[in-house]
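First up is the structure itself, then whatever we jot down about it.
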Amino acid sequence: MVKIEAALDGDGVLRSCGASGHAARGQDGGSVACAAISVLMRTAARVLSGRPGIRSRCEAPEPGFLFLEADFEAEGRDFLFAAGVFLLEGLASVAEDYPEHCSLSIRRI
């Protein structure tokens, strides 16, 4: 099971998102849920990296763990908000399609 935990500030701007665990593998040895989660999270990290007004950090210290954290200045707020909406909608879709392999929780900080 992949457990995803995201945190939004009071205005709904993404502040962090972490995924840990592994989904069950199919007959071919791969996992659609794991692949989708990895692509969404890694793409979000790449899009935010170096973006003006946004400071982001991404860690993947071991297989089965990926953590993204972001902070912003005024000029980066709207972009980070939109990137967070896109990321969380994608992750919610994976959790809905593969509920036995993925859970998503979102909290306000």
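A simple rule links phi to the HN-Hα coupling: the Karplus curve 6.51 cos²θ - 1.76 cosθ + 1.60 with θ = phi - 60°, which for the stretch 73-85 gives 9, 3, 5, x, 4, 5, 5, 5, 4, 5, 4, x, 4 Hz, with x for Gly and Pro.
Once the other residues with Cβ under 15 Å from the Cβ of Val94 are scored (Lys, Arg +1; Asp, Glu -1), what is the net sum?
Values: positive: Lys3, Arg42; negative: Glu5, Glu89, Glu96, Asp97, Glu100.
Result for the local shell: -3.
If R0 is 30 Å, the Cβ-Cβ spacing of Ala35 and Arg77 corresponds to a FRET efficiency of close to 0.45.
By per-residue mean of other Cβ atoms within 10 Å, what is the highest-first order of 86-96, 59-69? Don't skip to the answer; put the middle values down first.
Details: 86-96: 17.0, 59-69: 14.3.
Highest mean packing first, the order is 86-96, 59-69.
A Förster radius of 41 Å, combined with the Cβ-Cβ distance separating Glu59 from Glu96, puts the computed FRET efficiency at roughly 0.95. Normalised per residue, the accessible area of the chain is 58 Å², obtained with a 1.4 Å probe and no contribution from ligands, DNA or RNA.
By accessible area, using a 1.4 Å probe on protein heavy atoms only, the chain has 53% of its surface on carbon and sulfur. Placing +1 on the Cβ of every Lys and Arg and -1 on the Cβ of every Asp and Glu, with nothing else charged, gives the chain a dipole about its Cα centre of roughly 180 debye. Residues of the stretch 48-70 falling in the label zone of Asp11, defined by backbone nitrogen less than 20 Å from a point 7 Å along Cα to beta-carbon, are 48-57, 69-70.
Restricting to the chain, compute how many DSSP beta bridges are antiparallel as a %, nearest 5.
Numbers: 18 of 25 bridges.
The answer is about 70 percent antiparallel.
Against the chain, whose longest principal axis comes from its Cα atoms, helix 32-48 is set at around 20 degrees.
The values are calculated or read from the model by the stated rules, or taken from the named source; none is laboratory data. Small disclaimer: the values here were computed from a predicted structure and weren't measured. Because the Cβ atoms are built from the backbone with ideal geometry, glycine has one as well, and the counts that use them run over all protein chains shown. When the accessible area is computed, the model is the full protein with side chains, heavy atoms only, and any ligands, DNA or RNA have been set aside. Shrake-Rupley method; radii C 1.70, N 1.55, O 1.52, S 1.80 Å.
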